[in-house]
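These notes are about the structure you will find just below.
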Amino acid sequence: MTQHLDPRSPWVISTHDLGKRPGTMRQLTLALPAPADLGVDMIGVPKDAEVELDLRLEAVMEGVLVSGTAQAPLAGECARCLDPVSSEIRVDLQELFFYSDEDASEEDSLLDGELLDLEPTFRDAVVLALPLSPVCREDCAGLCAECGIKLAEAGEDHRHEKIDARWASLQGLFTDKDNDQEK
Ligand SMILES: [Zn+2]
Ligand SMILES: [Zn+2]
């Protein structure tokens, strides 16, 4: 059931120092390469980008509690104008890794001996925190719905001489009415 972790994987962390003694604590500052495929449609953390982790590992009765923060660069595109967007994301991490699956439920994380894998914890936190509609600027005007030109470049008076579809259908109604009256 327990899958064995690869101690060479950068996101697999040893808790050897804690010695399973409840109350024992360790601070850890790490810079790890971001895992692949971490993101949603418009934005994500680029693979191998540097993720800065500031962690506290604490032995408790049932396992090891990991808490702290992770900071990573983000790259994607603006949901309105499709320009490239780059920013940063900062997430809080907290996860209890159980020594034994007897104490844990299905969704809980388990230690593999003295090793724990922080990647799923980091991945879940980032996916939840990603903006659904990233924008290059809060006031990005986006693209013209008619011609697709970027409105920021087209200028404020960019217009199309075209009657709005709703007005067009209203015009049709009035015309029909007039015709009816003439009959
Ligand atoms: Zn934009
Ligand atoms: Zn246009």
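Number of residues in region 5-21 that are of a type in the set (Gly, Ala, Ser) and closer than 16 Å to residue 53 by Cα: the value is 2.
In the set (1) part of a strand (DSSP E or B); (2) surrounded by fewer than 16 Cβ atoms within 10 Å (Cβ to Cβ); (3) touching a residue at least 40 places away in the same chain (Cβ under 8 Å); (4) of a type outside the set (Gly, Ala, Ser), residue 89 fails one condition alone, (2). Selection of region 26-40 for residues being among the charged types (D, E, K, R) and assigned to a loop (DSSP other than H, G, I, E, B) yields only 37.
Residues checked against (1) modelled with pLDDT under 95; (2) of a type outside the set (S, T, N, Q); (3) crowded, with 18+ Cβ neighbours inside 10 Å; (4) closer than 30 Å to residue 21 by Cα:
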| residue | (1), (2), (3), (4) |
| --- | --- |
| 63 | no, yes, yes, yes |
| 71 | no, no, no, yes |
| 75 | no, yes, no, no |
| 101 | yes, yes, no, yes |
| 131 | yes, yes, no, no |
| 137 | yes, yes, no, no |
| 144 | yes, yes, no, no |
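Among the residues of region 138-163, those identified as in a loop (DSSP other than H, G, I, E, B) and touching a residue at least 24 places away in the same chain (Cβ under 8 Å) are 140, 141, 142.
Of all residues being in a strand (DSSP E or B) and over 14 Å from residue 122 (Cβ atoms) in region 55-72, which is nearest to ligand 2 (Cβ to nearest atom)? Just the residue, please. Ranking the candidates gives 56 first.
When the residues of region 146-162 are filtered to those that are surrounded by fewer than 14 Cβ atoms within 10 Å (Cβ to Cβ) and basic (Lys, Arg), the one that is modelled with the lowest pLDDT is 162.
The values are calculated or read from the model by the stated rules, or taken from the named source; none is laboratory data. Quick caveat: nothing in here was measured; it's all calculated off a predicted structure. Every residue, glycine as well, gets a Cβ built from its backbone with ideal geometry; the counts of neighbours run over all protein chains shown.
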